[in-house]
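Have a look at the structure below before the remarks.
The values are calculated or read from the model by the stated rules, or taken from the named source; none is laboratory data. Treat the numbers as computed from the prediction; the structure is a model and nothing was measured. Heads up, the Cβs are rebuilt from the backbone with ideal geometry, glycines too, and the neighbour counts pull from every protein chain shown.
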């Protein structure tokens, strides 16, 4: 799995940095989750809910990385946790984004500030473009071109009525990705463990973008899987992140108050 590869890459190349870090603050909001580490680095991820929160008393979990059992724990324990709950996966991605933001400041990456990755794509001609996730702004932009558009989604109602003609059920991902010249994938696929299957189904010559609040991950592993561009989030006012997320912020609220879009290009 790609998340496993990212964890191993970090351990191999940045173990000394990881080993000293603990979790100092967490906020799990309606749409997003934020994790702050002991060195002040901050990461966010799209929130995902567990479907089976109501369970038998014998199955209830009060152990590590459950409410009131998160703060102060070592980052490496979170990354190595065998738990497969949505909360743990979301915390892991947010924590990886926090670590990555600090490492990328020092690394040799082509980072473009205040740039949406779609601004870097060639949308001319008549290509086949697939968007994984109902990115409304991207859908509107591509509809205005001569390209053929597919939008992979679990829920057709996530698309505006005028765009539902482009809806493709998520389970049909292999069919449309195999014919797509450009693929734009939500970073939420890192949280729900579907990114591997999506990337495996893309054509070798496709231009692949992974973007969204969860996509600020250290890009080395994703680039090795043929991803061309990452669309990530740079926090500009960290003091506002926790209050915003605690008050139900979505991504666009962050960009209004305390963050900017950045793009990381594969060299």
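Taken together, 61, 50 contain a single residue that is in contact with a helix residue (DSSP H, G or I) (Cβ under 7 Å, 6 or more places away or on another chain) and at pLDDT below 95, which is 50. Once segment 183-194 is narrowed to residues that are in contact (Cβ under 8 Å) with a residue 24 or more places away in the chain and over 10 Å from the mean Cα position of the chain (by Cα), the residue that is surrounded by the most Cβ atoms within 10 Å (Cβ to Cβ) is 183.
Taken as a whole, the condition of being within 21 Å of residue 194 (Cα to Cα) and at pLDDT below 95 does not apply to residue 55. When restricted to residues that are surrounded by 12 or more Cβ atoms within 10 Å (Cβ to Cβ) and within 16 Å of residue 206 (Cβ to Cβ), segment 117-137 contains 11.
Does any residue of segment 1-17 turn out to be in a strand (DSSP E or B), in the same structural domain as residue 102 (by TED's automatic domain parsing) and surrounded by 14 or more Cβ atoms within 10 Å (Cβ to Cβ)? Taking every residue of segment 1-17 in turn, none turns out to be in a strand (DSSP E or B), in the same structural domain as residue 102 (by TED's automatic domain parsing) and surrounded by 14 or more Cβ atoms within 10 Å (Cβ to Cβ). Scanning segment 108-135 for residues that are part of a loop (DSSP other than H, G, I, E, B) and more than 22 Å from residue 220 (Cα to Cα) turns up 122, 123, 124, 125, 126, 127, 133, 134, 135. Can we say residue 114 is closer than 30 Å to residue 167 by Cα and surrounded by fewer than 21 Cβ atoms within 10 Å (Cβ to Cβ)? Answer is yes for this residue.
For segment 45-78, the tally of residues that are touching a strand residue (DSSP E or B) at 6+ places or on another chain (Cβ under 8 Å) and either assigned to a loop (DSSP other than H, G, I, E, B) or surrounded by fewer than 15 Cβ atoms within 10 Å (Cβ to Cβ) (or both) stands at 5.
This table checks each residue for (1) modelled with pLDDT under 95; (2) assigned to a loop (DSSP other than H, G, I, E, B).
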site: 184; (1), (2): no, no
site: 197; (1), (2): no, no
site: 210; (1), (2): no, no
site: 217; (1), (2): yes, yes
site: 227; (1), (2): no, yes
site: 243; (1), (2): no, no
site: 256; (1), (2): no, no
site: 260; (1), (2): no, no
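Every test in (1) surrounded by fewer than 22 Cβ atoms within 10 Å (Cβ to Cβ); (2) closer than 18 Å to residue 9 by Cβ is passed by residue 219 save one, and that test is (1). Residues that are over 22 Å from the mean Cα position of the chain (by Cα) and not in a helix (DSSP H, G or I) were ranked within segment 155-182; the one that is nearest to residue 204 (Cα to Cα) is 178.
If I filter segment 140-150 down to residues being in contact with a strand residue (DSSP E or B) (Cβ under 9 Å, 6 or more places away or on another chain) and under 13 Å from residue 182 (Cβ atoms), which single residue comes out as surrounded by the fewest Cβ atoms within 10 Å (Cβ to Cβ)? Per the stated criteria, the residue is 145.
When you go through 132, 93, 118 one by one, which is the residue that is outside the structural domain of residue 42 (by TED's automatic domain parsing), under 30 Å from residue 53 (Cα atoms) and in contact (Cβ under 8 Å) with a residue 40 or more places away in the chain? Only one candidate passes the filter, namely 132. Scanning segment 136-154 for residues that are in a loop (DSSP other than H, G, I, E, B) and within 20 Å of the chain's Cα centre (by Cα) yields one hit, 154. Scanning segment 229-241 for residues that are part of a strand (DSSP E or B) and over 11 Å from residue 213 (Cα atoms) yields a single hit, 229.
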